[in-house]
Amino acid sequence: MINIRRILCPIDFSDHSRRALDHAVAIARWYESTVTVLNVFSATPVAAFGPGPVAFEPLILTNVDRDQLLADTTAFARAEGAPGVPIEAMVREGSPADEIVEQATGMKADLLVIGTHGRTGFDRLLLGSVTEKVLRKASCPVLTVPAQNPDAVPAGPVLYRRILCPVDFSDASMNALKYATSMAQEADGRLTVLHVVAHEFENTADMASAISDAGMTIGSFVKQREEAIRRRLQDAVGTAPEFCTVEPLLIHGKPWREVLRIAAERQSDLIVMGVHGRGAADLLFFGSTTEHVVREAPCPVLTLRRG
């Protein structure tokens with residue numbers, strides 16, 4: 001059973017951060033959590049134009065400005081609040097992504113909820129630099145809420161009845177499956193556990209070599225491999241608790257495309273994904289599958305680091 005007691009929700013007074021706060025509050029009602037609403041004042045230098053060279057002067061937050069910003073953040077939080085949900089407002093100064101991650105670490109947040117930008121035109125390829133950096137650096141689970149997602153608070157304390165969890169049998173995805181199973185159980189919901197056999201693997205020299213070494217035909221090799229994957233998928237969901245419906249699903253295709261397609265077809269309320277390590281490759285975001293899903297999902301996406 002997962003335990004969510006402290007939720008951090010960064011806001012910038014935009015509509016997408018308001019929707020993220022809606023979800024943070026609704027989850028807090030569900031898990032009886034406390035929500036910390038954080039606004040980070042970025043002292044980004046601004047150009048001062050005049051005779052001679054261009055000068056840059058940092059923005060300075062005075063005590064009066066800080067008090068006003070805290071009052072505005074508090075008002076924003078209260079407007080999206082719900083009865084019985086403790087909400088506190090905070091203001092920090094510095095680089096937004098760094099301050100958000102530092103706050104999450106310092107308060108030992110169980111969940112970080114943050115909004116993404118819209119999906120019209122070129123914007124659908126952009127999460128926003130702050131959200132991307134937070135996703136890369138945060139060690140706690142991160143819920144990204146797309147801007148077009150409906151408000152969450154009016155839906156009541158139970159949000160996510162239809163959950164999709166893609167797995168590749170790595171430690172990270174198995175950790176995500178435990179999390180998704182617990183959430184589905186508490187919501188008395190439906191959990192789809194998806195494994196996508198990538199076409200890329202089916203057309204590689206490694207596969208041809210494996211078939212040759214086994215002395216098998218392509219058809220028998222593919223069938224045997226698929227049966228082994230199906231058994232592994234069934235084993236992964238076999239320990240699912242009562243009070244929720246768990247469906248294993250094995251399909252072929254491009255992983256991120258299939259995840260998004262199944263999420264749309266099943267009208268998923270939430271996608272839960274495991275994120276692999278934080279080595280050099282992670283500097284290129286999380287890899288194409290998680291990247292595409294987070295950017296283009298029609299519903300919130302919960303990403304979890306290994307462990």
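The values are calculated or read from the model by the stated rules, or taken from the named source; none is laboratory data. On a predicted model such as this, the values are computed, not experimentally measured, just so you know. Methodologically, a virtual Cβ is constructed for each residue, glycine included, from the backbone with ideal geometry; neighbour enumeration extends over all protein chains shown.
All told, Ser173 meets the bar of being in a helix (DSSP H, G or I) and at pLDDT below 95. Considering the range 103-158, the residues that are of a type in the set (Ser, Thr, Tyr) and modelled with pLDDT of 85 or more include one that is farthest from Ile11 (Cα to Cα), namely Ser139.
Taking the criterion of being charged (D, E, K, R) and surrounded by fewer than 17 Cβ atoms within 10 Å (Cβ to Cβ), the only residue of the range 13-26 that qualifies is Asp15. If you go through the range 18-61 and keep only what is at pLDDT below 90 and among the small types (Gly, Ala, Ser), you end up with Ser42, Ala43, Ala47, Ala48, Gly50, Gly52, Ala55.
Against the criterion of being modelled with pLDDT of 90 or more and buried (at least 17 other Cβ atoms within 10 Å of the Cβ), Glu93 does not qualify.
Val64: modelled with pLDDT under 95 and part of a strand (DSSP E or B), yes or no?
Working: modelled with pLDDT under 95: yes; part of a strand (DSSP E or B): no.
In short, no.
Scanning the range 1-10 for residues that are surrounded by fewer than 24 Cβ atoms within 10 Å (Cβ to Cβ) and touching a Ser or Thr at 6+ places or on another chain (Cβ under 9 Å) yields Met1, Ile2, Ile4, Arg5, Arg6.
Looking only at the range 222-244, residues that are acidic (Asp, Glu), over 14 Å from Val193 (Cα atoms) and at pLDDT 85 or above come to 1 in all.
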